[in-house]
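Asker: One structure follows; several queries about it will come next.
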Amino acid sequence: MKAMVITKYGGPEVFTEVEFPDPHPGPGQISIKVSHSSVGLVDAFFRRGMIPMLQPPFVTGLEVAGTVQELGEGVTDFRVGEPVVTLSLMSLGGYATVTLADAALTVSLDGLNVDPAQAVAALPNAVTAYLALTHIAYIREGESVLIHGAIGGLASAFPAVARLLGASRIVGTVRTSTKLEAARELAYDDVFVADKFPTAVGDERFNVVVDPVGGEILTSSFEVMAPFGRALLVGNASEQVATISNNMLWNKNLGVLGFSIGPYLQANPSFGRPAAQAVLGILAEGKLDLPLTILPLTDVAEAHRRMDAKEVIGRIVLRP
Ligand SMILES: NC(=O)c1ccc[n+]([C@@H]2O[C@H](COP(=O)([O-])OP(=O)(O)OC[C@H]3O[C@@H](n4cnc5c(N)ncnc54)[C@H](OP(=O)(O)O)[C@@H]3O)[C@@H](O)[C@H]2O)c1
């Protein structure tokens, strides 16, 4: 197998192509012949050493699609050759031609007429959105949702999932006007540029705010939350710190909640597949489709350069 290894913390140039023997799955695992591997901002954070639990050399990549290559002991619910997509690969290793995954956190695409590139780009994030909105934010039918970084990899899964869960109105913000058009193709009722926020929303108030961005836009979001509203913090793409007024929280009965899919599924592995089942229908209907840039696995440095330059609209998917 071939893997793109991060040899030291740094810029996109730190990836090196390395050949390894194919890994064999342990109990409860499968090995996957990778056809597509998605690139997320968290991979750039790993590469820069912002999450120092990982020491180089390591292979990042949290989500892959492909076919089952080998079954580990005790795995009976897959067959060799079956098309699959992973949820979150806690052991990483997705930037490779073969990777290992927990069978319990892998979903079959058998019989579904879905493009594996769209599946790997959207399904893991749709599962994140589903679990975060239902198990953490307790969204109710008829509620309104505001989603920041609206066309980002993670955020772009939220509008269709919120719609599936009965949200009555869904509004997004994007950092620059260059991303408005693409965001408007998703299930938003309205999309604003972030520098017009919060004035652009006028008197409108939101029951749930989904925030993968952090910093100033999160700080301003508390002004546009309805009483009993919940801010769902799912990332920090801006790398800025938000200021949260404790007085505003208790005066308006607001909640601030955090959600991270990897540790959540590690603690609750049985929650992944039912969530995937709930969103597979909208995946198959194309409602989770987002703009994709497909690059060869060996062009991972170029993929990361585009991430760092904030040139990506939707997601980059690597193809071995
Ligand atoms: N909670 C979880 O389980 C989970 C799962 C996956 C990812 N994440 C986290 O979620 C965050 C986003 O990851 P991603 O892979 O979706 O990244 P992404 O594809 O780069 O999306 C980030 C989005 O946020 C926008 N943005 C960045 N800075 C902004 C600012 N200052 N104001 C307004 N918008 C801004 C970006 O717009 P520009 O491109 O124009 O800057 C982009 O649309 C990261 O912190 C990641 O670690 C969390």
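The values are calculated or read from the model by the stated rules, or taken from the named source; none is laboratory data. A quick note: this is a predicted structure, and the numbers were derived from the prediction, not measured. Using ideal geometry, Cβ is built from the backbone for each residue, glycine included, and neighbour counts are taken over all protein chains shown. Accessible surface is based on the protein model in full, side chains and every heavy atom, while ligands, DNA and RNA are left aside. Shrake-Rupley method; radii C 1.70, N 1.55, O 1.52, S 1.80 Å.
Asker: Ranked from highest to lowest mean number of other Cβ atoms within 10 Å per residue, what is the order of the peptides 99-111, 174-186, 43-55, 60-72? Spell out each step's value before the answer.
Answerer: Details: 99-111: 20.4, 174-186: 17.6, 43-55: 15.3, 60-72: 23.1.
The packing order, highest mean first, is 60-72, 99-111, 174-186, 43-55.
Asker: Counting only DSSP beta bridges with both residues in the chain, what percent are antiparallel, rounded to the nearest 5?
Answerer: Restricted to the chain, the bridges split so that about 55 percent are antiparallel.
Asker: Moving on. Rounded to whole Å and sorted largest first, list the principal axis extents of the Cα atoms in region 80-149.
Answerer: Per principal axis, max minus min of the Cα coordinates gives 43, 28, 24 Å.
Asker: To the nearest 0.05, how large is the calculated FRET efficiency for Asp22 and Ala284 if R₀ is 41 Å and r is the Cβ-Cβ distance?
Answerer: Approximately 0.85, to the nearest 0.05.
Asker: List the trypsin sites (Lys or Arg not before Pro) within region 217-320 that fall in a DSSP loop (any state other than H, G, I, E or B) and whose Cβ has at most 14 other Cβ atoms within 10 Å. Before the final figure, lay out each step's value.
Answerer: Details: sites: Arg230, Lys252, Lys287, Arg305, Arg306, Lys310, Arg315; in loops: Lys252, Lys287, Lys310.
Answer in residue order: Lys310.
Asker: Given H placed on each backbone N at 1.01 Å, which residues far from Val209 in sequence or on other chains put an amide H within less than 5 Å of it?
Answerer: Amide H neighbours of Val209, under 5 Å, 5+ apart: Leu146, Arg230, Ala231, Leu232.
Asker: Across region 255-264, in residue order, what do the Karplus-derived ³J(HN,Hα) couplings come to in whole Hz, using 6.51 cos²θ - 1.76 cosθ + 1.60 with θ = phi - 60° and x for Gly and Pro?
Answerer: x, 10, 10, x, 8, 9, 5, x, x, 5
Asker: Another question, if that's okay. Leaving out ligands, DNA and RNA, what percent of the accessible area of the chain is carbon and sulfur, probe 1.4 Å?
Answerer: Roughly 54 percent, rounded to a whole number.
Asker: Which residues' amide hydrogens lie under 5 Å from the amide hydrogen of Phe58, considering only partners 5 or more residues apart or on another chain, with H built in the peptide plane?
Answerer: Ile6
Asker: Please name which of Gly153, Leu41, His135 has its Cα lying farthest along the dipole of the chain towards the positive end, using unit charges on Cβ (Lys, Arg +1; Asp, Glu -1) and the Cα centre as origin.
Answerer: Of Gly153, Leu41, His135, it is His135.
Asker: Can I ask one more? Along the three principal axes, how long is region 208-286 when you take its alpha carbons, biggest first, rounded to the nearest angstrom?
Answerer: Rounded to whole Å, the extents work out to 41, 28, 26 Å.
Asker: Pull up all non-local amide H partners of Ser35: gap of 5 or more, or a different chain, and H-to-H distance under 5 Å with H placed in the peptide plane.
Answerer: Under 5 Å from the amide H of Ser35: Ala65, Gly66, Thr67.
Asker: Could I ask something else about it? With every protein chain kept in place and ligands, DNA and RNA left out, what is the accessible area per residue of region 125-261? Probe 1.4 Å, answer in Å².
Answerer: On a per-residue basis, region 125-261 sits at 42 Å².
Asker: Looking at the square roots a ≥ b ≥ c of the eigenvalues of the Cα gyration tensor of region 125-261, which shape do they give, rounded for a/c under 1.5, prolate if a/b is larger than b/c, or oblate?
Answerer: Rounded, since a/c falls under 1.5.
Asker: So what's Rg/Rh here for the chain, counting alpha carbon atoms and using the Kirkwood radius for Rh?
Answerer: We get a ratio of 0.97 for the chain.
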